[in-house]
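Structure provided below as structure tokens; questions to follow.
What follows is calculated from the coordinates using simple rules that are stated; it is not laboratory data. Just so we're clear, the structure is a prediction, and the values are computed from it rather than from any experiment. Using ideal geometry, Cβ is built from the backbone for each residue, glycine included, and neighbour counts are taken over all protein chains shown.
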Amino acid sequence: MRYFLALALLLCAFRSQAQAPNFATLIPELMARANVPGLSIALIDDGKLAWVGSFGVKNTKTGDKVDDRTVFQAASLSKVVFAYGVPKLVDQGKLDLDTPLSKYVPEYVQNDYRINAITARHVLTHRTGFPNWRPDGQLLVIHFKPGDRFSYSGEGFVHLQRAVEKFASLPLDTWMRQTVFDPLQMTDSSYLWQPKYDTLAASGHSPTGTPEKFFKPTADGSPINGGGGPASPC
């Protein structure tokens, strides 16, 4: 929550480019108020990069400084990037937003006929009926009729991911690199851990400012050096 507070305060401060000289003082003050160890930020004005700044440290234990090459693990912001890529399959005629995904990945939910109603549109608008994540070691359960209401779900995005991988005949990261990352020159972005991240990446921190281990997703979904969960847009 402290990260969202800092961002909200920063957005209120970004009234005009004329304030850019004050950012060097303002941003560290806001970071201290929200207990944010490190931050990198870019100001876009009328579609153009107007200003870039890097503040704080990547790791409070090592004291390594954030710079303009620092990589941050984006967590659920990766859903937004994935959602940008999915309509390209629609443009290519490979995906209909209203065709049930069970047509392509029938094994994702078992013993619940409502899986046959869940579409890409439901996933992208978080109306699948899935929980955010299934309980460990238990089957995935649909909690309400798909489309009835909003309920945020990482499981829904993994369901759509599996379908996209079938359409593209490619792993998610490879398809995203070809479809989104390379065309947009997002040269350091990936859904999988890259060796260069060992030095480029900023650590996550606990509420008390203690650095945490990197989550290093791999192509087979296995974690490296701690962490867990599938390599997915979640």
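Residue by residue through the stretch 92-106, which ³J(HN,Hα) values in whole Hz follow from phi under the Karplus form 6.51 cos²θ - 1.76 cosθ + 1.60 (θ = phi - 60°), with glycine and proline marked x?
Rounded to whole hertz, the list is 7, x, 8, 9, 9, 4, 10, 8, x, 5, 5, 4, 9, 10, x.
Could you give the length gained on full extension between ASP148 and MET186, defined as 0.36 nm per residue of separation minus the Cα-Cα distance, in nm?
My answer for the length gained is 10.1 nm.
Calculated FRET efficiency, ASP68 and ARG114, Cβ-Cβ r, R0 45 Å, to nearest 0.05?
Using R0 = 45 Å, I get an efficiency of 0.45.
Give me ILE41, ILE115 ranked fewest to most by other Cβ atoms within 10 Å of their Cβ, as a rough exposure proxy.
Ordered by Cβ neighbours within 10 Å, fewest first: ILE41, ILE115.
Taking LYS196 as the anchor, which aspartates and glutamates have their alpha carbon closer than 20 Å to its alpha carbon, excluding any fewer than eight residues away along the same chain?
Qualifying aspartates and glutamates at Cα under 20 Å: ASP64, ASP67, ASP68, ASP173, ASP182, ASP188, GLU212, ASP220.
Return the lysines within reach of LYS88: Cα separation strictly under 26 angstrom, same-chain partners fewer than 8 residues apart disregarded; answer none if there are no such residues.
LYS48, LYS79, LYS103, LYS166
If you average the C-alpha positions of the stretch 29-69 and of the stretch 72-148 separately, how far apart do those two centres end up, in angstrom?
33
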